[in-house]
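J.: Encoded as structure tokens, here's the structure I'll be asking about.
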Amino acid sequence: MLLHICLVERGVLPVNAYGGTERVVWYLARELSRDGHRVTLLAGRGTQCDFARVLPLNPDLPLAPQLPTDCDIIHFHFPPEEPIALPHIVTNHGNRNDLRPFPLNTVFLSANHAARYGAQHFVHNGLDWDDYGKVQLETPAETYAHFLGNAAWRVKNVQGAIRVARQAGKRLVVMGGNRLNLKMGFRFTADPRVRFAGMVGGEKKLSLLRNSAALVFPVRWHEPFGLAVIESLYFGCPVFATPYGAIPELVDQESGLLSNRADELAAGLRNVLNFDRRYCHQRAVDIFNARRMMLDYVRLYEAVLDGAALNTAAPVLQEQQQEKFLPWFG
């Protein structure tokens, strides 16, 4: 059954540098269109798209009157704060540590993400790997590992990544931060073996990923999904990360090592050549692709249109996290 789907996203599409949610929404829209579905994007002003109708989303106006009424189903990529009468689903892309309920038809990004909110449905993110260019699946000439994420956000634990790389005797390229960080007080990283590439995107980001030996990703929160993880796997990089949130669903024993101890991750990183870059690449291609994501969402659209509720009760956080950061021994 071909559908007319409206995807609702606050950001501007397409995104060129950072923007994880926007990237996922764009690839979902494109795959829906390729599969014959009609797509409307209700998105941030400035959005441009040649395969979907575009309507500007005005954040200063009520949401419900802006929704097109000629669509079969509305797919929100943030929880609407007002009642929605039209058939719809909601994808929750983040974490929140309060007891406000989500809409009944909310979908999460991983099994762990869904379980933490008492929900029954999740869809793993997928990317269109055709946009990522060539890969280097032989042992890279460079000897660095990389960190990919917002380094100013303390739950991402860039200092832990630096510690792991230092103990492993590897250089580290930080994509997503600067050597001098004033957002966390005055923090200056003097280590010459750490290179800060800034908020990179486009070919510069892809080149750094292509020539990296591994991803070091010791996050200290329950990662809802982790696009940095699957992007790194696509380029053949094994992942050395903490076992929090969705990460154990993305990284198996053949594609990386999970621990909340810096010394254990460093020991694995020293032996990075024991991991098969081709296996890492194929895992991303086979499992975390945009077409699989699109087909999973279409099944949920059809279930809602058939009258089903996606959850037995409105999802709500099952246990509030008391600690600011999850354990890290570094």
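J.: When you scan the range 288-304, how many residues do you find that are assigned to a helix (DSSP H, G or I), surrounded by 15 or more Cβ atoms within 10 Å (Cβ to Cβ) and in contact with a Leu (Cβ under 9 Å, 6 or more places away or on another chain)?
T.: 9
J.: Would you say Arg53 is closer than 15 Å to Leu13 by Cα and of a type in the set (Lys, Arg)?
T.: Here the answer is yes, as Arg53 does meet what is asked.
J.: Restricting the search to the range 141-169, which residues are among the basic types (Lys, Arg) and crowded, with 22+ Cβ neighbours inside 10 Å?
T.: The one that is among the basic types (Lys, Arg) and crowded, with 22+ Cβ neighbours inside 10 Å: Lys156.
J.: Can we say Leu208 is touching a Phe, Trp or Tyr at 6+ places or on another chain (Cβ under 6 Å) and not assigned by TED's automatic domain parsing to the domain that holds Leu28?
T.: For Leu208, the condition - touching a Phe, Trp or Tyr at 6+ places or on another chain (Cβ under 6 Å) and not assigned by TED's automatic domain parsing to the domain that holds Leu28 - is not met.
J.: Can you tell me how many residues in the range 75-95 are assigned to a loop (DSSP other than H, G, I, E, B), among the polar types (S, T, N, Q) and touching a Leu at 6+ places or on another chain (Cβ under 8 Å)?
T.: Matching residues across the range 75-95 total 1.
J.: Would you be able to tell me the number of residues in the range 305-330 that are in contact with a Ser or Thr (Cβ under 9 Å, 6 or more places away or on another chain) and crowded, with 17+ Cβ neighbours inside 10 Å?
T.: The qualifying residues number 5.
J.: Determine which member of the set Gly185, Gly198, Gly236, Gly202 is at positive phi and at pLDDT 95 or above.
T.: Exactly one residue qualifies, and that residue is Gly236.
J.: Against the condition in contact with a strand residue (DSSP E or B) (Cβ under 6 Å, 6 or more places away or on another chain) and under 21 Å from Cys6 (Cα atoms), how does Tyr301 come out, does it pass?
T.: Against the criterion (in contact with a strand residue (DSSP E or B) (Cβ under 6 Å, 6 or more places away or on another chain) and under 21 Å from Cys6 (Cα atoms)), Tyr301 qualifies.
J.: Starting from the range 253-274, take each residue that is closer than 15 Å to Leu172 by Cβ and list its partners that are aromatic (Phe, Trp, Tyr) and surrounded by fewer than 21 Cβ atoms within 10 Å (Cβ to Cβ), counting only C-beta distances under 7 angstrom and pairs at least six apart or across chains.
T.: Ala262/Phe329
J.: Hey, does the range 310-330 have a residue that's within 30 Å of Ser33 (Cβ to Cβ), in contact with a His (Cβ under 7 Å, 6 or more places away or on another chain) and not in a loop (DSSP other than H, G, I, E, B)?
T.: Checked against the condition, which is being within 30 Å of Ser33 (Cβ to Cβ), in contact with a His (Cβ under 7 Å, 6 or more places away or on another chain) and not in a loop (DSSP other than H, G, I, E, B), the range 310-330 yields no hits at all.
J.: With (1) surrounded by fewer than 22 Cβ atoms within 10 Å (Cβ to Cβ); (2) modelled with pLDDT of 95 or more; (3) closer than 24 Å to Arg291 by Cα as the list, and Val8 as the residue in question, which single condition is left unmet?
T.: (1)
J.: Restricting attention to the range 74-88, which residues are over 17 Å from Trp26 (Cα atoms) and either touching a strand residue (DSSP E or B) at 6+ places or on another chain (Cβ under 9 Å) or surrounded by 19 or more Cβ atoms within 10 Å (Cβ to Cβ) (or both)?
T.: Pro79, Pro80, Ile84, Leu86, Pro87, His88
J.: If I ask for residues that are in a loop (DSSP other than H, G, I, E, B), of a type in the set (Asp, Glu) and out of contact with any Phe, Trp or Tyr (no Cβ under 8 Å at 6 or more places or on another chain), which ones from the range 125-167 would you list?
T.: Result: Glu138, Glu142.
J.: How about the range 206-222: which of its residues are touching a Leu at 6+ places or on another chain (Cβ under 8 Å) and not in a loop (DSSP other than H, G, I, E, B)?
T.: Leu209, Leu215, Val216, Phe217
J.: Turning to a different aspect of this structure: Taking into account only those residues within the range 223-263 that are assigned to a strand (DSSP E or B) and not aliphatic (A, V, I, L, M), which is farthest from Leu208 (Cα to Cα)?
T.: Arg261
J.: Across the range 264-287, what is the number of residues that are in a helix (DSSP H, G or I) and surrounded by fewer than 18 Cβ atoms within 10 Å (Cβ to Cβ)?
T.: So the count comes out to 11.
J.: Residues of the range 67-118 being under 17 Å from Phe225 (Cβ atoms), of a type in the set (D, E, K, R) and modelled with pLDDT of 95 or more, which ones?
T.: Within the range 67-118, Arg116 is the sole residue that qualifies.
The values are calculated or read from the model by the stated rules, or taken from the named source; none is laboratory data. Please read all numbers here as calculations on a predicted model, not as lab measurements. Because the Cβ atoms are built from the backbone with ideal geometry, glycine has one as well, and the counts that use them run over all protein chains shown.
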